[in-house]
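One structure is given below, encoded as structure tokens.
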Amino acid sequence: MKEQLTSKIQMLEYGIMKPYSNISCFSTTRHGGCGEGTYATFNCTHYCGDKPEHVSANLEILAAALPVRPKVFVIPRQTHTTNVRLITNVPAPEELQDVDAVVTQLKDFCLCVSTADCVPILIYDRVREVIAAIHAGWRGTVGRIVEKTLDVMKSEYGTEGKDVMACIGPSISLESFEVGDEVYAAFAEAGFEMSRIARRYEKWHIDLWEANRLQLLAHGVLPGHIEVAGICTYQNHEDFFSARRLGIKSGRILSGIMQI
């Protein structure tokens, strides 16, 4: 099953999660909210410069659109680290500072990450009923944040790769992600198989989708249990926020997963 937009066009849903009625899994679009300018219209992230009242209103719209209203949206303040936070209760804001992945077994807690070209990855351990949301920009990808998150899930809950379902959401594609030689070198030095993730045009281009998919596979996630949205935010910036198109002072896609 392919991912699809909901009838309200506010969210992208993932086909691979459809068989699990206890899971709500989505990425927001730019449509259906109340934002303006580069935040138009459906920005749900509070720390990217949007008006607080618009963010609050959009989160209310999102909560109403989900099958069950979340007890809380857990939205970390990401800083391109590889820090993973275990969520065992409603976190204070300072507990989500400098956090780029969140993990929980709690129900009705909507774990989220904010992106606008970086890669959102949503994970569900269907046996132990554990979820995770990961923000992987190029720095997080080089730092293997996906593998570190799966390590936390294994150490805390016993997660095995074969039980994991994973979604790689809308983000910048290889064709659009031109990088300098120093970024190429960072991936090479980190041990990535460059023939799989890099291509040379006038400059180097990196495939962040594949780089993160390979991390999932390395931890035993089955190829058929990984869904790649295949939507480039840079090319589809009218439907999804893209910082490379709109600048840093712009909205963010909110990708979330929740057990209900």
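Please treat every number below as a calculation from the coordinates, not as lab data. In this text, all values refer to a predicted model and were calculated from it rather than measured experimentally. Cβ atoms come from the backbone with ideal geometry, glycine included; neighbour counts cover every protein chain shown.
Here are some notes:
- Pair Glu53, Arg69: separation of 7 Å Cα→Cβ label points (nm): 2.2 nm
- The length gained by stretching the chain between Asp108 and Glu156 to full extension, at 0.36 nm per residue less their Cα-Cα distance, is 15.3 nm.
- Anisotropy class of region 79-145 from Cα gyration tensor, a/c 1.5 cut: oblate
- Charge dipole (the chain, unit charges on Cβ, about Cα centre) - positive-most of His80, Ile23, Met153: Ile23
- Dividing the radius of gyration of the alpha carbons in region 141-251 by their Kirkwood radius gives 1.00 for Rg/Rh.
- Given the alternatives (1) 116; (2) 134; (3) 144, volume of the Cα convex hull per residue in Å³ as computed for this entry is given by (1).
- Of the trypsin sites (Lys or Arg not before Pro) found in region 194-239, those that fall in a DSSP loop while having at most 16 other beta-carbon atoms within 10 Å are Lys203.
- Once C-alpha pairs closer than 8 Å and six or more residues apart are averaged by separation and normalised to the residue number of the chain, the relative contact order reads 25 percent.
- Net charge dipole size for the chain [Lys, Arg +1 and Asp, Glu -1 on Cβ; Debye, nearest 20]: 340 debye
- Comparing His237, Phe177, Ala198 along the charge dipole axis of region 157-260, the residue lying farthest to the positive side is His237, per the Cβ-charge model.
- Placing +1 on each Lys and Arg Cβ and -1 on each Asp and Glu Cβ, with no other charges, gives region 4-151 a dipole about its Cα centre of roughly 320 debye.
- FRET efficiency estimate (nearest 0.05) - Cβ-Cβ, Asp181 to Ser21, R0 51 angstrom: 0.60
- In region 172-260, GluC sites (Glu not before Pro) in a DSSP loop with at most 13 other beta-carbon atoms within 10 Å: Glu175, Glu193, Glu202, Glu238
- In a DSSP loop and with at most 10 other Cβ atoms within 10 Å, the chymotrypsin sites (Phe, Trp or Tyr not before Pro) in region 136-202 are Tyr201.
- Gaussian network model of the chain, springs between alpha carbon atoms under 10 Å - residue of Asp151, Asp50, Asp181 with greatest fluctuation: Asp181
- Distance between region 168-243 and region 33-98 - C-alpha centres, whole angstrom: 25 Å
- Pairs of lysine residues in the chain - Cα separation under 14 Å, sequence separation of 8 or more or cross-chain: 4
- Cβ charges +1 (Lys, Arg) and -1 (Asp, Glu), total dipole of region 58-124, debye: 240 debye
- Cβ-based charge dipole, the chain, positive-most Cα from Leu216, His135, Asn58: Asn58
- Rough spin-label spacing in nm, given labels placed 7 Å along Cα→Cβ, for Thr88 and Lys249: 4.2 nm
- Compared with the alpha-carbon gap, the fully stretched path from Ala190 to Gln97 is longer by 30.9 nm at 0.36 nm per residue.
- Here the spin labels are modelled as points 7 Å beyond Cα on the Cα-Cβ line, and at Glu238 and Arg126 they lie 3.7 nm apart.
- Remark: region 169-178, residue by residue, has Karplus-estimated 3J(HN,Hα) of x, x, 5, 6, 8, 4, 4, 9, 9, 7 Hz, where x stands for each Gly or Pro and the curve is 6.51 cos²θ - 1.76 cosθ + 1.60 at θ = phi - 60°.
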